[in-house]
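Enquirer: Take this structure, written in structure tokens, and hold onto it; I'll ask about it next.
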Amino acid sequence: KQEVTQIPAALSVPEGENLVLNCSFTDSAIYNLQWFRQDPGKGLTSLLLIQSSQREQTSGRLNASLDKSSGRSTLYIAASQPGDSATYLCAAPQTGANNLFFGTGTRLTVIP
Amino acid sequence: DTGVSQDPRHKITKRGQNVTFRCDPISEHNRLYWYRQTLGQGPEFLTYFQNEAQLEKSRLLSDRFSAERPKGSFSTLEIQRTEQGDSAMYLCASSPRPGGKNEQFFGPGTRLTVL
């Protein structure tokens with residue numbers, strides 16, 4: 001079974017800092033990996049999807065990388081803003097399955 | 001709004017009652033998923049439909065849970081004889097036809113509270 005781990009569980013940074021969120025997964029034969037954002041009490045918003053043939057994907061101030069061989073992905077947020085405060089979830093499928101396995105998330109607080 | 005929609009957004013019920021949730025996926029997405037999320041945890045997979053066929057079910061989906069997608073469009077998730085342990089956020093997601101990126105898009109969720 002795919003297991004996804006996210007470190008750290010919580011992170012607090014001052015506005016303007018660059019930061020990195022980490023995700024590791026056990027089944028490296030994945031075809032993609034998704035990063036999501038979740039605001040308190042809300043659903044999930046898809047931020048980035050990296051396909052297995054890609055090593056990086058960028059959207060605005062966000063950059064996600066994927067290293068299948070080591071079972072790791074990172075989400076880099078540049079020039080953090082208070083509006084970035086949320087929980088960030090990493091999710092990956094398992095070989096032969098369509099559903100996603102999620103980590104428990106990193107709760108980010110950006111202090112003005 | 002062409003995103004995934006869920007109804008109701010909140011449901012409070014008494015233990016032992018039955019509840020039903022609805023999910024409308026993004027139009028033309030033929031794959032639909034149900035997940036459950038408890039406080040402080042990531043979502044956990046419940047079941048998956050491709051068109052109207054229910055192709056995968058998690059062990060979390062006990063006999064009290066049933067899901068349908070009768071015409072391959074919207075889906076319903078019913079919980080019979082609710083228990084306090086069923087209190088959670090129930091999330092629906094959809095993704096396009098196989099062969100693409102299989103990016104999953106989530107709805108706002110239905111928060112269930114069982115008293």
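The values are calculated or read from the model by the stated rules, or taken from the named source; none is laboratory data. Owing to the predicted nature of the structure, the values given are computational and were not obtained by experimental measurement. We place every Cβ from the backbone using ideal geometry, glycine too, and count neighbours over all the protein chains shown.
Enquirer: Give me the pairs, please: first residue somewhere in region A:15-34 and away from every other protein chain (no Cβ under 14 Å) and free of Cβ contacts under 8 Å to residues at least 12 places away in the same chain, second residue anywhere and surrounded by 16 or more Cβ atoms within 10 Å (Cβ to Cβ) and not in a strand (DSSP E or B), beta-carbon distance under 7 Å, and either six or more positions apart or on two chains.
Expert: none
Enquirer: Report whether or not A:Ser70 is more than 15 Å from B:Gln41 (Cα to Cα) and modelled with pLDDT of 95 or more.
Expert: no
Enquirer: Next question. When the residues of region B:84-115 are filtered to those that are under 18 Å from B:Leu61 (Cβ atoms), surrounded by 15 or more Cβ atoms within 10 Å (Cβ to Cβ) and of a type in the set (Gly, Ala, Ser), which remaining residue is nearest to the other protein chains (Cβ to nearest Cβ)?
Expert: The selected residue is B:Gly109.
Enquirer: Hey, another quick one. Please determine, by comparing only the residues of region A:84-112 that are modelled with pLDDT of 95 or more and over 17 Å from the mean Cα position of the chain (by Cα), which one is surrounded by the fewest Cβ atoms within 10 Å (Cβ to Cβ).
Expert: Checked region A:84-112; the qualifying residue surrounded by the fewest Cβ atoms within 10 Å (Cβ to Cβ) is A:Pro112.
Enquirer: Further question: Test B:Gln41 against the criterion of being facing another protein chain (nearest Cβ under 10 Å), over 15 Å from the mean Cα position of the chain (by Cα) and surrounded by fewer than 18 Cβ atoms within 10 Å (Cβ to Cβ), and give yes or no.
Expert: The answer is yes for B:Gln41.
Enquirer: Here is a check on your reading of the model: is B:Glu56 more than 14 Å from B:Asn18 (Cβ to Cβ) and in a strand (DSSP E or B)?
Expert: The answer is yes for B:Glu56.
Enquirer: Between a residue in region B:60-78 that is of a type in the set (A, V, I, L, M) and any residue that is part of a loop (DSSP other than H, G, I, E, B), which pairs come within a Cβ distance under 8 Å, given they are 6 or more apart or on different chains?
Expert: Here the result reads B:Ala67/B:Leu61, each pair linking region B:60-78 to a residue that is part of a loop (DSSP other than H, G, I, E, B).
Enquirer: Are any residues in region A:20-51 hydrophobic (A, V, I, L, M, F, W, C), in contact with an Asp or Glu (Cβ under 8 Å, 6 or more places away or on another chain) and under 18 Å from A:Ile7 (Cα atoms), and if so, which ones?
Expert: Matches in region A:20-51: A:Phe25 only.
Enquirer: In region A:35-77, how many are surrounded by 13 or more Cβ atoms within 10 Å (Cβ to Cβ) and either part of a strand (DSSP E or B) or more than 14 Å from chain B (Cβ to nearest Cβ) (or both)?
Expert: 27
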